[in-house]
Amino acid sequence: MGFILDKISADKFLSGLKDEYYIFAPKRFELGGIYSDTDAIRYSEINSFDEIVFDEKSQYSFKETILQISQTIFYFTEDQIKEPNFTCRQKKALIFLRNCDLHGLKRLDDMYLNNGPEDYYYKKLRDAAEFVVMGCENSFENCFCVSMGTNQSDAYDLSIDKQEDKYLITCKNSKLNNILLKAGASSSDVVPKFVTSNNIQVNIPDNLSNDVATSKIWDEYDVRCIACGRCNFVCPTCTCFTMQDIFYTENGKVGERRRVWASCMIDGFTDMAGGHSYRVKKGQRMRYKVLHKVLNHKKRHGEQMCVGCGRCDDICPEYISFSNSINKLENAMKEVTSNE
Ligand code: SF4
Ligand code: SF4
């Protein structure tokens with residue numbers, strides 16, 4: 001069902017939503033960017049539609065709204081453990097995100113819900129979330145969603161497009177539909193926007209296999225990559241975390257266990273007992289990341305992990321392009337097959 005919201009009905013809609021949901025959307029943080037005098041656009045709770053940034057890509061993805069950067073798993077004393085009181089929000093979360101990110105949500109579900117036992121903490125926040133897809137009028141810099149087939153998704157509760165001072169909405173969720181009607185939204189035929197082309201295209205060769213691990217293409221990243229891990233933290237589909245025990249007392253018997261986002265690109269990620277580690281070279285880490293994103297996840301879950309949002313390219317301080325890395329795979333496969 002389609003609706004148009006003007007300024008007055010949009011304000012009423014938002015106030016109706018706030019009774020039922022915490023609302024998370026990309027918002028501008030002035031001078032919070034990674035370079036001096038730049039803003040950050042990242043997820044936060046919003047109190048007005050005016051706060052939502054529609055015309056720029058968020059540097060960080062929606063991921064942090066359901067997969068917290070640092071999350072206490074339990075508290076412990078000498079003989080007890082206790083789950084935190086706050087593992088689930090008191091109201092549902094309504095999360096505004098792009099089409100590619102909605103595909104990214106499916107990848108998070110693959111990893112946390114369909115990859116062995118369900119992850120208890122992820123599931124609690126995931127089950128209490130509904131999703132609003134924000135249409136893209138034009139492709140943003142570095143996006144390659146069309147090549148990855150993630151430029152459109154129907155798996156939303158509500159779609160929203162901003163057109164001057166109006167909002168064009170489609171709705172598939174009866175609760176949100178009632179809130180829209182109460183807010184005085186006018187019915188209309190609406191087709192959600194999505195992009196059909198990007199400036200960047202990628203080609204994943206049909207014959208891609210793990211044999212490409214022996215190609216020389218990975219060597220350049222030994223020098224270029226500085227192992228900062230930014231590419232993992234902005235990625236809507238990176239899911240690794242590490243565990244940290246925080247002790248409150250000097251005897252080390254009272255404290256909390258947290259899980260904290262981790263990065264396969266940084267030093268220490270592969271450290272093991274006895275002081276061993278593997279993938280010491282940065283090119284090896286890049287190889288691992290690229291092949292997980294465009295080969296090995298698909299083998300298990302049927303879809304490429306990368307959704308082509310381009311955020312890793314946007315954020316890399318060394319201008320390493322993930323889409324270029326993908327496009328080098330065809331020649332890399334020729335190189336390794338000619339060596340056979
Ligand atoms: S690998 Fe890069 S382009 Fe692909 S989903 Fe992650 S951040 Fe987006
Ligand atoms: S953001 Fe760039 S430099 Fe940093 S770890 Fe990723 S590829 Fe390497």
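Annotations
- Matching residues in segment 269-296 - criterion: being without any contact (Cβ under 8 Å) to a residue 40 or more places away in the chain and open to solvent by less than 40 Å² (accessible area, probe 1.4 Å): Thr270, Arg279, Val290
- Some residue of segment 290-302 being in a loop (DSSP other than H, G, I, E, B) and among the aliphatic types (A, V, I, L, M): no
- Residues that are in contact with a Lys or Arg (Cβ under 6 Å, 6 or more places away or on another chain), open to solvent by less than 60 Å² (accessible area, probe 1.4 Å) and within 12 Å of ligand 2 (Cβ to nearest atom) do occur in segment 298-318.
- Helices (runs of 4 or more DSSP H) fully within segment 94-178 counting 1 or more residues that are under 12 Å from Val195 (Cβ atoms): 99-112, 145-148
- Looking across segment 48-93, the residues that are among the β-branched types (Val, Ile, Thr) and over 28 Å from Asp110 (Cα atoms) come down to Ile52, Val53, Thr77, Ile81.
- Residue among Lys175, Lys253 that alone is at pLDDT below 95, away from ligand 2 (no atom under 16 Å from the Cβ) and either touching a His at 6+ places or on another chain (Cβ under 8 Å) or basic (Lys, Arg) (or both): Lys253
- Any hit, segment 2-22, residues being part of a loop (DSSP other than H, G, I, E, B) and over 30 Å from Thr237 (Cβ atoms): yes
- Failed criterion for Asn232 (all others in (1) out of contact with any strand residue (DSSP E or B) (no Cβ under 8 Å at 6 or more places or on another chain); (2) under 26 Å from Ile204 (Cα atoms) hold): (1)
- Picking from residues in segment 239-249 that are farther than 26 Å from Asn115 by Cβ and assigned to a loop (DSSP other than H, G, I, E, B), the one that is most open to solvent (accessible area, probe 1.4 Å) is Tyr248.
- Filter result (open to solvent by less than 60 Å² (accessible area, probe 1.4 Å) and either in a loop (DSSP other than H, G, I, E, B) or away from ligand 1 (no atom under 16 Å from the Cβ) (or both)) within segment 250-268: Gly252, Val254, Gly255, Glu256, Arg259, Val260, Ala262, Ser263, Cys264, Met265, Ile266, Gly268
- Residues in segment 16-54 that are free of Cβ contacts under 8 Å to residues at least 24 places away in the same chain, open to solvent by 70 Å² or more (accessible area, probe 1.4 Å) and under 18 Å from Ala93 (Cα atoms): Asp19, Glu45.
- From Asn177, Asn210, Asn199, Asn232, residue being within 16 Å of ligand 1 (Cβ to nearest atom) and more than 20 Å from the chain's Cα centre (by Cα): Asn199
- Within segment 213-229, if we keep just the residues that are within 16 Å of ligand 2 (Cβ to nearest atom) and not in a helix (DSSP H, G or I), the residue that is nearest to the chain's Cα centre (by Cα) turns out to be Gly229.
- Any hit, segment 186-207, residues being within 16 Å of ligand 2 (Cβ to nearest atom), at negative phi and of a type in the set (D, E, K, R): no
- Some residue of segment 67-74 being assigned to a strand (DSSP E or B), open to solvent by 40 Å² or more (accessible area, probe 1.4 Å) and among the hydroxyl-bearing types (Ser, Thr, Tyr): yes
- Candidate set from segment 133-148 (those that are without any contact (Cβ under 8 Å) to a residue 60 or more places away in the chain and open to solvent by less than 70 Å² (accessible area, probe 1.4 Å)); member that is nearest to the chain's Cα centre (by Cα): Val133
- For beta carbons closer than 7 Å, sequence separation of 6+ or different chains, a first residue in segment 319-337 that is away from ligand 2 (no atom under 16 Å from the Cβ) and a second that is open to solvent by less than 10 Å² (accessible area, probe 1.4 Å) and among the small types (Gly, Ala, Ser), the qualifying pairs are Ala332/Ser215; Glu335/Ser215; Val336/Ser215.
- Subset of segment 230-241 [polar (S, T, N, Q) and within 11 Å of ligand 2 (Cβ to nearest atom)]: Asn232
The values are calculated or read from the model by the stated rules, or taken from the named source; none is laboratory data. Just so it is clear, the model here is predicted, and its values are computed rather than measured. Glycine gets a Cβ as well: all are built from the backbone with ideal geometry, and neighbour counts include every protein chain shown. Heads up: the accessible areas ignore ligands, DNA and RNA and are worked out on the full protein's heavy atoms, side chains in. Shrake-Rupley method; radii C 1.70, N 1.55, O 1.52, S 1.80 Å.
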